[in-house]
């Protein structure tokens, strides 16, 4: 009796490459998420030269900090890379239609 042909047990090179790209994208997205969750440092000094006017209220800027901007950018880029590599791995054909 003849034994059935064995499939290779190691994944092909393109699979390892795109898996590594997907993992790297996930790491970038995780770093961006950590950057967004870390609070901005507070100033340890104050203005002491004069007393502010009694009716003046200081409102902090609603604009995000540079760390938050870079964090959001890293999350976006990381998730795009993960989505691209996952789509490539799922949509990749492993063999030709005529080979059996």
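The values are calculated or read from the model by the stated rules, or taken from the named source; none is laboratory data. As the structure is a prediction and not an experimental result, all values here were calculated from the model. Ideal geometry is used to build each Cβ from the backbone, glycine not excepted, and the neighbour counts take in all protein chains shown.
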Whichever residue in the range 1-21 is outside any helix (DSSP H, G or I) and at pLDDT 70 or above and, among such residues, is surrounded by the fewest Cβ atoms within 10 Å (Cβ to Cβ) | 9
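For the structure I just gave you, tell me whether residue 39 is part of a loop (DSSP other than H, G, I, E, B), at pLDDT 75 or above and either touching a helix residue (DSSP H, G or I) at 6+ places or on another chain (Cβ under 9 Å) or surrounded by 15 or more Cβ atoms within 10 Å (Cβ to Cβ) (or both).
Numbers: part of a loop (DSSP other than H, G, I, E, B): yes; at pLDDT 75 or above: yes; either touching a helix residue (DSSP H, G or I) at 6+ places or on another chain (Cβ under 9 Å) or surrounded by 15 or more Cβ atoms within 10 Å (Cβ to Cβ) (or both): no.
No; evaluated as a whole, the condition is false for this residue.
Residue-by-condition table, conditions (1) out of contact with any helix residue (DSSP H, G or I) (no Cβ under 8 Å at 6 or more places or on another chain); (2) at pLDDT 85 or above; (3) exposed (fewer than 10 other Cβ atoms within 10 Å of the Cβ):
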position	(1), (2), (3)
23	yes, yes, no
29	no, yes, no
35	no, yes, no
44	yes, no, yes
51	yes, no, yes
56	yes, no, yes
